[in-house]
Amino acid sequence: MYRLMLCSLPLLLAGCSLWLPRHDPGQAWIELHAGEDQQLQALQVDGQALEDARYFQVSPGRHELQVRLHFQVAPSNIGPTSQAHPRTCLLSLDYSEFAAGQRYSLKAGSHGFRPWARLYDEHDKPLIRAREGRCGEV
């Protein structure tokens, strides 16, 4: 019995950290993915704040999504004696073809001081790039 409990513990803990609502087949689902040591948060859909920063679920059609990306600028991008520099940027994208029942991925990362984000369809085909908004230190 102890062995069974010990083996099932990682599965239980993994499931607890991923409590996401069921995907509504009448909506488009957008998952967020950021690079290592980066944090990507969903902020707004069409100017309305979200309660859950882990994903977007939107009706079919046009929507403007806004996300926040936290990342570290590597010392190699600043100067030889510098330390990593924390940075937070807002990114927005406006996509007109969200389809019901489809899954999308919003992937984000950074190159030096510059953030980037792209929306991909469920076949990992790039659809649109996000626009960089304001950035600042954490």
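Quantify, in whole percent, the carbon and sulfur part of the accessible surface of the range 88-138 (1.4 Å probe; protein heavy atoms only).
45
Just to confirm a number: summing +1 for Lys and Arg and -1 for Asp and Glu over residues other than Gly61 whose beta-carbon lies under 14 angstrom from that of Gly61, what do you get?
-3
Among 116-123, 28-35, what's the highest-first ranking by average C-beta atoms within 10 angstrom per residue? Numbers along the way, then the final one.
On the way: 116-123: 15.8, 28-35: 19.0.
In decreasing order of mean packing, 116-123, 28-35 become 28-35, 116-123.
Please get the size of the charge dipole for the range 32-138, origin at its Cα centre, with Cβ charges of +1 on Lys and Arg and -1 on Asp and Glu, quoted in debye to the nearest 20.
With only Lys, Arg, Asp and Glu charged at Cβ, the dipole is about 260 debye.
Under the rule a/c < 1.5 gives rounded, and otherwise a/b versus b/c splits prolate from oblate, where does the range 95-138 land using the Cα gyration tensor?
Prolate, since a/c reaches 1.5 and a/b exceeds b/c.
Please give, to one decimal in nm, the separation of the simple spin-label points placed at Arg134 and Trp116, each 7 Å out from Cα toward the Cβ.
Placing both labels 7 Å along Cα→Cβ, they lie 2.6 nm apart.
Summing +1 for each Lys or Arg and -1 for each Asp or Glu, what net charge is found among the other residues whose Cβ lies under 10 Å from the Cβ of Pro115?
With Lys, Arg at +1 and Asp, Glu at -1, the neighbours total +2.
Using only the alpha-carbon atoms of the range 28-135, report the extent along each of the three principal axes, biggest first, to the nearest angstrom.
Answer, in whole Å and largest first: 51, 28, 19 Å.
With a Förster radius of 35 Å, plug the Cβ-Cβ distance of Ala100 and Ala49 into 1/(1 + (r/R0)^6) and report the FRET value to the nearest 0.05. Intermediate results must be reported in sequence, preceding the final value.
Values: r = 24 Å, r/R0 = 0.67.
Computed FRET efficiency for Ala100 and Ala49 comes out at 0.90.
Would you mind counting up the charge near Leu90? Only other residues with Cβ under 9 Å from its Cβ, with Lys and Arg at +1 and Asp and Glu at -1. Could you put the intermediate results ahead of the total?
Values: positive: Arg68, Arg134; negative: Glu132.
Combined, the nearby Lys, Arg, Asp and Glu give +1.
Might you tell me the accessible area per residue for the range 51-136, computed with a 1.4 Å probe and given in Å²?
56
Given an 8 Å cut-off on Cα distances and at least 6 residues of separation, report the relative contact order of the range 28-135 as a percent.
Rounded, it is 28 percent for the range 28-135.
The values are calculated or read from the model by the stated rules, or taken from the named source; none is laboratory data. Because the structure is predicted, anything quoted here is derived from the model rather than measured. Methodologically, a virtual Cβ is constructed for each residue, glycine included, from the backbone with ideal geometry; neighbour enumeration extends over all protein chains shown. The area values use the complete protein model at the heavy-atom level, side chains included, leaving out ligands, DNA and RNA. Shrake-Rupley method; radii C 1.70, N 1.55, O 1.52, S 1.80 Å.
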